[in-house]
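To start, the structure under review is shown below, and the notes come after it.
Read-outs throughout are calculated quantities, based only on the coordinates presented, and are distinct from any laboratory measurement. Note that the structure is predicted; figures quoted are calculated from it, not measured. A quick note on method: Cβ atoms are made from the backbone with ideal geometry, for glycine too, and the neighbour counts reach across all protein chains shown.
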């Protein structure tokens, strides 16, 4: 993989993702399917879906690799994107979230590779702190796009 640019903040994650999807010229209603950990990956998936809400795509979240538990992400007025009803998985693009590669998460790289090869569509990855690199997933999965963000430093303040 070749580094294209280095950006910062939440827009540095969302804008390149939206640009990537625009470049794909996907037909209206195409599914973007995000695989990640419930709770920790979900807010980031909601942000990614929200950033692309005007593209007439369908967004699904799959907890871990359990496609039977896939949920459609829908816009909720005044709130943003939220997980809703169940949906069948037919991705045009797969987005793997870095939480899947964290130590202690009950999935394997073999499961990830099986999902990716089973669908045969392009794969993007979104992670923090070089999680895909640290876990060895970069050597095993061919990411067409990888967004790797840093959360450093984290500053905590409070009143005395």
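Expressed as a whole percent, the proportion of Cα-Cα pairs in region 11-149 lying more than 26 Å apart is 14%. In the chain, the calculated helix contribution to ellipticity at 222 nm averages -7500 deg cm²/dmol per residue, counting -39,500 (n - 2.57) for every DSSP H run with n ≥ 4.
Model label sites at residue 77 and residue 130, defined 7 Å from Cα along the beta-carbon direction, differ in position by 4.7 nm. A Förster distance of 22 Å, applied to the separation of the beta-carbon atoms of residue 121 and residue 66, puts the FRET efficiency at 0.75. From largest to smallest, the equivalent ellipsoid semi-axes obtained for region 67-160 from the alpha-carbon gyration tensor read 26, 22, 12 Å.
Of all DSSP bridge pairs formed entirely within the chain, close to 30 percent run antiparallel. As a length-normalised measure over Cα pairs under 8 Å and 6 or more apart, the relative contact order of the chain settles at 19 percent.
Scaled to the globular estimate 2.2 N^0.38 Å, the Cα spread of region 13-68, given as radius of gyration, is 1.12. A compact globular protein would have a Cα radius of gyration near 2.2 N^0.38 Å; the ratio found for region 38-87 is 1.06. With each label modelled as a point 7 angstrom along the Cα→C-beta vector, the residue 40-residue 7 pair spans 2.4 nm.
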